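Below is one structure, written out as structure tokens; the observations come after it.
Each reported figure results from applying straightforward, stated rules to the coordinates on display, with no laboratory input. Since this is a predicted model, take the numbers as computed values, not measurements. Note: ideal-geometry Cβ built from the backbone for every residue, glycine included; neighbour counts use all protein chains shown.
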Amino acid sequence: MIEVRQLAKRVDNGGEPLTILHEISFAVAAGDTVAIVGASGSGKSTLLGLLAGLDQPSGGAVVVAGEDLGGLDEDARAVLRGRLLGFVFQNFQLLPSLTALENVMLPLELAGAANARREAEFWLQRVGLAHRLRHYPKHLSGGEQQRVALARAFAPRPRLVLADEPTGNLDAVTGHQIIELMFAINAESATTLILVTHDEEIAARCSRRLRMHAGQLDELA
């Protein structure tokens with residue numbers, strides 16, 4: 001599903017180059033669940049952004065479903081994301097002017113789905129929010145907002161879901177519920193999941209664990 005080859009990321013730090021990622025390589029097979037763990041500042045979120053084509057590397061390559069992201073312009077990368085990827089963010093990233101239903105419908109409509117409303121209703125019911133379809137994000141709890149975000153991520157039936165600290169803004173009980181739901185939906189959908197987390201218990205539920213340390217990557221047993 002994903003192949004990463006000698007991936008590097010460097011930025012200018014007041015005239016001095018700062019290396020965030022040191023030529024890392026790994027591959028993720030379709031259907032894998034992979035946790036990327038590591039301390040704050042280790043490069044986890046930078047790596048996830050590169051995998052999604054939201055940022056461009058200083059060197060190396062990211063190949064998603066056979067497509068080399070380096071060979072695509074920004075518009076083509078956006079099309080690929082819409083076709084293949086779903087996202088779950090720590091801060092939910094719901095559009096405040098749209099209802100829960102409209103937030104989930106949006107990626108479906110962008111993908112040209114003829115039955116966007118019916119699909120969105122199905123997925124909101126799947127995450128336990130059938131009674132919240134017409135509520136705006138400001139009227140939802142953090143856990144409810146993340147459930148909407150899960151529905152939005154999985155509704156277009158992507159081949160790959162990228163999740164960046166999906167429980168980071170939630171209390172322990174709510175976070176546990178969200179993780180249970182995310183792994184259940186992921187298993188039902190046979191989706192490839194790459195999850196950035198600082199929580200070792202969550203990471204242990206994945207089939208593979210990769211640890212970032214100072215921009216380098218090690219696979220854990």
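When both region 90-129 and region 29-75 are represented by their alpha-carbon centers, they are found 25 Å apart. Considering only alpha-carbon pairs that sit under 8 angstrom and 6 or more positions apart, the relative contact order computed for the chain is 30 percent. Which shape class, rounded, prolate or oblate, goes with region 89-202 when its Cα gyration tensor gives a ≥ b ≥ c as root eigenvalues, a/c under 1.5 marks rounded, and past that a/b bigger than b/c marks prolate? The shape class here is oblate.
Over all orientations, region 9-121 has a Cα convex hull whose mean projected area works out to 9.6 square nanometres.
Here region 156-211 has an Rg and Dmax of 11.0, 30 Å, counting Cα atoms alone. Relative to the longest principal axis of the Cα atoms of the chain, helix 74-84 runs at roughly 60 degrees. Shown is the FRET efficiency for Asp68 and Ala8, computed with R0 = 22 Å from the Cβ-Cβ distance and rounded to the nearest 0.05: 0.90. For the chain, the spread of Cα positions along the three principal axes, ordered from largest to smallest, is 51, 37, 36 Å.
The dipole here belongs to the chain: it is taken about the Cα centre, uses +1 on the Cβ of Lys and Arg and -1 on the Cβ of Asp and Glu, and is about 600 debye.
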